[in-house]
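Asker: Mind having a look at this structure? Questions to follow.
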Amino acid sequence: MLHSPKQFDLKKNGKKLLNKDILQRRYQRIYHQLEQLVSKTDNQIAHMASIVAVLHFKMPHYFWTGFYILQGGELTVGPYQGPIACQVLEKKRGVCWAGVESKKTIIVPDVHKFPGHITCDSRSNSEIVVPLLNEEGQAWAVLDVDSRQLNAFSEVDKNWLEKIVKLV
């Protein structure tokens, strides 16, 4: 798909990212599409699979898109799109565990500068992690999105992804 130059803002590293207005509209369309898809079943794994498939193929700055599920004290890979994932993330280390422990979305502009970062694929340069919280406010999974671009994620991504994970 070709994009007009007005659709992009150039970042400091020279990589092209969708501008804020285009990004907002794209997330809005994706959200409405996902609402319809997940309404067809109550199965959380099906919801996760649909969410990562749609996000991964509709967002040009996404490189790896998936869920890690907290089971038995371990973060184990769930539905995802992209290169092979780490199957189980080392305990209490990395961005995903930071999201679980803080119960807050974490945006990392440069993963190589994040203390304890777990490298599943060296081509990833920035990351956003959004925790999924149960009724008691405890994290039970995270949505993890990586980009090859530095500083790829913004408050727009954060706000929409926090809304999208509630569809699970």
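Asker: Take the alpha carbon gyration tensor of segment 79-168, find the square roots of its eigenvalues, order them as a ≥ b ≥ c, and report rounded if a/c is under 1.5; if not, report prolate when a/b exceeds b/c, else oblate.
Answerer: Working: a/c = 1.56, a/b = 1.29, b/c = 1.21.
The shape class here is prolate.
Asker: Would you list the membrane-span-like helices of the chain, meaning whole DSSP H runs whose alpha-carbon atoms span at least 18 Å along their axis and whose mean Kyte-Doolittle value is at least 0.5?
Answerer: The answer, listed by residue number, is 44-58.
Asker: May I pose another question? Report the one residue of 32, 44, 105 whose Cα lies farthest in the direction of the positive end of the charge dipole of the chain (charges on C-beta: Lys and Arg +1, Asp and Glu -1; origin at the Cα centre).
Answerer: 32
Asker: Here is a follow-up. Amide H neighbours of residue 125 under 5 Å, counting only residues 5+ apart in sequence or on other chains, H built in-plane at 1.01 Å?
Answerer: 147, 148, 149
Asker: For segment 30-98, state which trypsin sites (Lys or Arg not before Pro) are in a DSSP loop and have at most 16 other beta carbons lying within 10 Å of their beta carbon.
Answerer: Listed in order of number, the matching sites are 40, 91, 92, 93.
Asker: Still on this structure, please answer the following. Beyond a 31 Å Cα-Cα separation, which of these cross-linked pairs lie in this structure: 40/91; 58/113; 91/166; 20/113?
Answerer: Working: 40/91 35 Å; 58/113 28 Å; 91/166 25 Å; 20/113 25 Å.
From 40/91; 58/113; 91/166; 20/113, over 31 Å: 40/91.
Asker: Related question: I need the shape label for the chain. Rule: rounded when a/c is under 1.5, else prolate if a/b > b/c, else oblate, with a, b, c from the alpha carbon gyration tensor. Walk me through the numbers before you get to the answer.
Answerer: Details: a/c = 1.81, a/b = 1.18, b/c = 1.54.
It is oblate, given that a/c is not under 1.5 and a/b is not larger than b/c.
Asker: Along the Cα-to-Cβ line of residue 122, 7 Å from the Cα, sits a label point; which residues in segment 61-88 have backbone N less than 16 Å from it?
Answerer: Output list for this probe position: 84.
Every read-out reported here was derived from the displayed coordinates using simple, explicitly stated rules and does not represent laboratory data. It should be emphasised that the depicted structure is a prediction, and the values quoted were computed from it without experimental measurement. All Cβ positions, even for glycine, are placed from backbone atoms using ideal geometry, and neighbour counts span all protein chains on display.
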